[in-house]
1. Does D81 count as modelled with pLDDT of 95 or more, buried (at least 19 other Cβ atoms within 10 Å of the Cβ) and among the charged types (D, E, K, R)?
2. Consider R204 against the criteria (1) buried (at least 19 other Cβ atoms within 10 Å of the Cβ); (2) within 28 Å of V110 (Cβ to Cβ): it satisfies all of them except one. Which criterion is unmet?
3. If a residue has to be part of a strand (DSSP E or B) and closer than 13 Å to A228 by Cα to count, how many in region 119-139 make the cut?
4. Taking region 140-175, which residues are touching a Gly at 6+ places or on another chain (Cβ under 9 Å), part of a helix (DSSP H, G or I) and modelled with pLDDT of 95 or more?
5. Mind listing whichever residues of region 59-80 are of a type in the set (A, V, I, L, M, F, W, C), in a loop (DSSP other than H, G, I, E, B) and closer than 21 Å to A16 by Cβ?
6. Any idea which of F103, F121, F96, F75 is assigned by TED's automatic domain parsing to the domain that holds E54, closer than 15 Å to Q14 by Cα and of a type in the set (F, W, Y)?
7. Report yes if R188 is surrounded by 15 or more Cβ atoms within 10 Å (Cβ to Cβ), modelled with pLDDT of 95 or more, farther than 27 Å from P82 by Cβ and charged (D, E, K, R), otherwise no.
Amino acid sequence: MRYVSVMDEKLLNQLALVCSEAGALLLDFRRTGVVPTSKAGMELLTEADTASEELLCRTLGGVMPGVPFVGEEGFSGPLPDPPFWIADPLDGTNNFAFDFPFFCVSAAFVDESGPRFCCTFDPVRTESFTAIRGEGAFLNGRRIRCLEVSSLSDALMATGFPYNRTPGSINTDLGVLEHFLGFARGIRRSGSAALDLAYTACGRLGAYWEKTLRPWDMAAGALLVREAGGIVGAYEGGDWNLSSGGMCASAPRLWAALREGIEKGRQKDAPFRT
């Protein structure tokens, strides 16, 4: 499937509307309260996750009948051949479950070349981050760009920690954190990879890295950062794609320092122990 830019824009507008509807659904659950259950490791699941995913799957299925839908809660197995939709119906579930107001809905359409258009919607702040490949990135319709600084000391950075951590595997990714603590203006751990990437795209953050992620965590954010003029790569090094186990992203002038810090910090990391 190939679409001209006009069709991409129409489909993106439909995607953004669906994400805003899913976001409104999350706020309804937030007002009435949720009962979280354990999912895996330190990760939680709520009825809001599944309700949001059902809405996304049903509505996007109507937008493009026959195109597969990959969602965090209902999908297992390898990714299908493109084209397909991919979505995180509630990124930041642990935050949501504790009424910590930092979570979002994030979705993208993927073709043979990767994410083609996307939306990350923050219902708490009513912020819609959108992008079309080759057309730029936007926040509520206003074009956004990555931060224009050349030193980590002039930027905030963000990261996340794996949910499968145990008392015996705490130091699986702390070497990189330790390195950047000596260089960055500040480091944040928000609990939502999709919002961290959106914030990197709009310049609130200068760089982001995380060792362990899943495709729906990264799809929309990777496109946002690239279309905002930033650089995206796999955490382990090399080009990023949806099969990468982790990722890093930054403003262009911070990329060399980001990669150097990851490589130096990884030398201090302990092997993972279950």
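1. On the way: modelled with pLDDT of 95 or more: yes; buried (at least 19 other Cβ atoms within 10 Å of the Cβ): no; among the charged types (D, E, K, R): yes.
When the stated conditions are applied, D81 does not pass them.
2. Condition (1) is where R204 drops out.
3. Applying the first criterion (part of a strand (DSSP E or B)) to region 119-139 yields 119-122, 127-132, 136-139.
Applying the additional criterion that residues be closer than 13 Å to A228 by Cα yields 129-132, 136-139.
Adding up the residues that qualify gives 8.
4. Within region 140-175, L152, D154 meet the criteria.
5. M64, V67
6. Being assigned by TED's automatic domain parsing to the domain that holds E54, closer than 15 Å to Q14 by Cα and of a type in the set (F, W, Y) holds for just one of F103, F121, F96, F75, which is F121.
7. Details: surrounded by 15 or more Cβ atoms within 10 Å (Cβ to Cβ): yes; modelled with pLDDT of 95 or more: yes; farther than 27 Å from P82 by Cβ: yes; charged (D, E, K, R): yes.
So R188 fits the description; yes.
Conditions (1) under 24 Å from N95 (Cβ atoms); (2) touching a Ser or Thr at 6+ places or on another chain (Cβ under 6 Å); (3) surrounded by fewer than 18 Cβ atoms within 10 Å (Cβ to Cβ), marked per residue:
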site: T126; (1), (2), (3): yes, no, yes
site: A137; (1), (2), (3): yes, no, no
site: R142; (1), (2), (3): no, no, yes
site: R145; (1), (2), (3): no, no, yes
site: E148; (1), (2), (3): no, no, yes
site: L152; (1), (2), (3): no, no, no
site: T159; (1), (2), (3): yes, no, no
site: P167; (1), (2), (3): yes, no, yes
site: I170; (1), (2), (3): yes, no, yes
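The values are calculated or read from the model by the stated rules, or taken from the named source; none is laboratory data. A quick note: this is a predicted structure, and the numbers were derived from the prediction, not measured. Counting neighbours? That spans all protein chains shown, and the Cβs are built from the backbone with ideal geometry, glycine included.
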